[in-house]
Amino acid sequence: MTTAPMTTAPTPTASELAARPWLSFSGGERAAVVVALYFVALSAYMDRFIIAILQEPIRKEFSLSDTELGLMSGFAFAVLFSVLGVPVARWADRGNRRIIITGALVAWSGMCALCGVAQNFWQLFLARVGVGVGEAGTLPPSHSLVGDYFPPEGRSTAFAVLTFGNSSGVALGLFGGAYVAAEYGWRMAFVAAGLPGLILAILVFAAIREPRVRFGFPPKPSASSGGFIEDTKVLLRKRTYVHIVTATTIYFFVIGGAVLFIPAHMMRGLGMSIKDVGLYYGLTTASAAAVGALIGGALADKLSKKDLRWTLRFPAIAMVVVFPLLCMFLYIDDYRIALMFFFVAWAILTMGYNPIFSAVQAVAGRTRRATAVAFLFLTGTLLGQGLGPVAAGAISDALAPRVGVQSLRYSLMIILVLLLWSAWHFWCARKTVLAECEDRLG
């Protein structure tokens, strides 16, 4: 009796690793980098969105309008965060992403702590600009690392973990910020949120391994990859990418305006205390994101293996479904019933959000990943998150003489209509994604 000779998978060559670096990583190595990036995302979003729960005490102390709150909480952060994302992305496409991420973590954590010593509107505005400057160094290199560690059909799950880190950070900022602010004041809440990031930076630096250093093949410009302008022109010639950028910008406009003002609406319109809003809204956000990340990432990866178009069908369907759910959340006066609608809506949004970046990675290709993410967030953050809170605040101020403390409720409901426009662009993008995908064709 003869036995068939055992065969082993061939060792990837240097050129294969350069094109598909994920072939060389074990499951444990992928898990380690995802955990590290999860905590990076948690810290970033905690420091970014803690201001949402602190808006009311800040407004009262500095006598601010809702428009000024929108400028301070949204536009101040977005103005340089979005612009600096471009040069950081170019650096991330060529340099050591481990150094970029940990350096950025130190910068935004320190600036968040400095928010706690602001004595007027403009000092707090400038400190928030500093938080945005620091956080400009996290998204492009983080997304680029995921592209190197994971194959195209496995990225939605990885992005789901990062998105859960985002929502965990929002929840921790709301819950922890509310507790510290109620006990020790809003200034101490900023300090408590910022300082731990300095310690986290050391741990993240130890956990992340830069594939380019490990394998010695830093990406080199190819005939199809030039400077930022040239790469952006290539990307903007792809209808899929243009639709994704447009849809995501609209989405950020809506969610950026809503997320920052929802705690203020619950305190003013529903008469809740800052502690109760931090506890119930924060826990609802975190638990919904956990459900959405666990279900959505795995489901999107499974479906995208059969048909990549699901990475864009998911967000299109999600935007349409959550529109009435979020309207009901804002309409209902009983916060317990309202938060049930919000839980379902936020879980669905989390499911639909993660596959967007899988589609971007696949369409952009290896040499333009960070650039594609940077341009996406340039428009999404500057026009979306930057102007969304300002628009929500301005509409609220305009409605206040007629509806009083309920002005934020109606302002946010008006903004939510734009989700349907976002859904249309995602739905259009699915038509061309297969023809314009580079990773799959490679």
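Within the range 360-389, restricting attention to residues that are of a type outside the set (G, A, S) and surrounded by fewer than 24 Cβ atoms within 10 Å (Cβ to Cβ), which residue is farthest from A435 (Cα to Cα)?
Taking the range 360-389 and keeping what is of a type outside the set (G, A, S), we get 360-361, 363, 366-369, 371, 373, 375-379, 381-383, 385, 387, 389.
Keeping just the survivors that are surrounded by fewer than 24 Cβ atoms within 10 Å (Cβ to Cβ) gives 366-367, 378-379, 382-383, 387.
Values: R366: 17, T367: 18, L378: 25, T379: 25, L382: 30, L383: 29, L387: 34 Å.
Ranking the qualifying residues of the range 360-389, first place goes to L387.
Assuming A182 fulfils every condition listed in (1) in contact with a Lys or Arg (Cβ under 7 Å, 6 or more places away or on another chain); (2) within 27 Å of L387 (Cβ to Cβ); (3) at pLDDT 85 or above apart from one, which condition is it?
Among (1) in contact with a Lys or Arg (Cβ under 7 Å, 6 or more places away or on another chain); (2) within 27 Å of L387 (Cβ to Cβ); (3) at pLDDT 85 or above, A182 violates only (2).
Of the residues that sit in the range 185-215 and are modelled with pLDDT of 90 or more and among the small types (G, A, S), which one is nearest to M111 (Cα to Cα)?
Ranking the qualifying residues of the range 185-215, first place goes to G194.
Residue under question is V161, and the condition is that it be surrounded by fewer than 24 Cβ atoms within 10 Å (Cβ to Cβ) and modelled with pLDDT of 90 or more; does it hold? Don't jump to the end; show me each part of the working.
Details: surrounded by fewer than 24 Cβ atoms within 10 Å (Cβ to Cβ): yes; modelled with pLDDT of 90 or more: no.
Judged against the criteria, V161 is not a match.
So, in the range 172-214, exactly how many residues are hydroxyl-bearing (S, T, Y) and surrounded by 16 or more Cβ atoms within 10 Å (Cβ to Cβ)? Don't jump to the end; show me each part of the working.
First, the residues of the range 172-214 that are hydroxyl-bearing (S, T, Y): 179, 184.
Next cut, surrounded by 16 or more Cβ atoms within 10 Å (Cβ to Cβ) only: 179.
Matching residues across the range 172-214 total 1.
Out of everything in the range 277-314 that is touching a residue at least 40 places away in the same chain (Cβ under 8 Å) and charged (D, E, K, R), what residue ends up being surrounded by the most Cβ atoms within 10 Å (Cβ to Cβ)? Lay out the reasoning, then the answer.
Initial filter on the range 277-314 (touching a residue at least 40 places away in the same chain (Cβ under 8 Å)): 277-301, 304-305, 308-314.
Checking which are charged (D, E, K, R) leaves us with 301, 305, 309, 313.
Details: D301: 25, K305: 13, R309: 19, R313: 20.
Of everything passing the filter in the range 277-314, D301 is surrounded by the most Cβ atoms within 10 Å (Cβ to Cβ).
Which fully enclosed helices (runs of 4 or more DSSP H) of the range 7-82 have 2 or more residues being on the phi < 0 side of the Ramachandran plot, at pLDDT 85 or above and of a type in the set (F, W, Y)?
Where helices (runs of 4 or more DSSP H) fall fully within the range 7-82 and carry at least 2 residues being on the phi < 0 side of the Ramachandran plot, at pLDDT 85 or above and of a type in the set (F, W, Y), they are 27-62.
Might you let me know whether the range 115-129 holds any residue that is touching a residue at least 12 places away in the same chain (Cβ under 8 Å), in a helix (DSSP H, G or I), under 18 Å from the mean Cα position of the chain (by Cα) and crowded, with 20+ Cβ neighbours inside 10 Å?
yes
Let me spell it out: the conditions are (1) of a type in the set (G, A, S); (2) at pLDDT below 85; (3) surrounded by 24 or more Cβ atoms within 10 Å (Cβ to Cβ); (4) within 30 Å of F342 (Cα to Cα), and G154 meets all of them except one. Which number is the exception?
G154 satisfies all of (1) of a type in the set (G, A, S); (2) at pLDDT below 85; (3) surrounded by 24 or more Cβ atoms within 10 Å (Cβ to Cβ); (4) within 30 Å of F342 (Cα to Cα) except (3).
Being in contact with a Gly (Cβ under 9 Å, 6 or more places away or on another chain) and either under 16 Å from S43 (Cβ atoms) or of a type in the set (V, I, T) (or both) is the filter here; which residues of the range 117-127 pass it? If you could, list the steps in order and put the result at the bottom.
Pass one, the range 117-127, residues in contact with a Gly (Cβ under 9 Å, 6 or more places away or on another chain): 127.
Those that are in contact with a Gly (Cβ under 9 Å, 6 or more places away or on another chain) and either under 16 Å from S43 (Cβ atoms) or of a type in the set (V, I, T) (or both): none in the range 117-127.
Can G282 be described as closer than 12 Å to A178 by Cα, at pLDDT below 90, part of a helix (DSSP H, G or I) and not basic (K, R)?
Values: closer than 12 Å to A178 by Cα: yes; at pLDDT below 90: yes; part of a helix (DSSP H, G or I): yes; not basic (K, R): yes.
Judged against the criteria, G282 is a match.
Across the range 328-351, which residue is surrounded by the fewest Cβ atoms within 10 Å (Cβ to Cβ) among those that are aromatic (F, W, Y) and more than 17 Å from the chain's Cα centre (by Cα)?
Step one: filter the range 328-351 for residues aromatic (F, W, Y), giving 329, 331, 335, 341-343, 346.
If we keep only those that are more than 17 Å from the chain's Cα centre (by Cα) as well, we get 329, 331, 335, 341-343.
Details: F329: 27, Y331: 13, Y335: 20, F341: 19, F342: 23, F343: 20.
In this case the residue turns out to be Y331.
Before we move on, is P315 at pLDDT below 90 and either more than 22 Å from L71 (Cα to Cα) or in contact with an Asp or Glu (Cβ under 8 Å, 6 or more places away or on another chain) (or both)?
On the way: at pLDDT below 90: yes; either more than 22 Å from L71 (Cα to Cα) or in contact with an Asp or Glu (Cβ under 8 Å, 6 or more places away or on another chain) (or both): yes.
Against the criterion (at pLDDT below 90 and either more than 22 Å from L71 (Cα to Cα) or in contact with an Asp or Glu (Cβ under 8 Å, 6 or more places away or on another chain) (or both)), P315 qualifies.
How many residues does the range 87-106 hold that are over 16 Å from the mean Cα position of the chain (by Cα), surrounded by 20 or more Cβ atoms within 10 Å (Cβ to Cβ) and not charged (D, E, K, R)? I'd like the intermediate steps shown before the answer.
Our first condition is that a residue be over 16 Å from the mean Cα position of the chain (by Cα); within the range 87-106, this holds for 87-88, 90-100, 102-103, 106.
Filter again for surrounded by 20 or more Cβ atoms within 10 Å (Cβ to Cβ), leaving 88, 92-93, 97-98, 100, 102.
Among the residues that remain, those that are also not charged (D, E, K, R) are: 88, 92, 100, 102.
Final tally of qualifying residues: 4.
The values are calculated or read from the model by the stated rules, or taken from the named source; none is laboratory data. Being a predicted model, the structure only gives us computed values, none of them experimental. For neighbour counting, all protein chains shown are included, and Cβ atoms are generated from backbone atoms with ideal geometry for every residue, glycine included.
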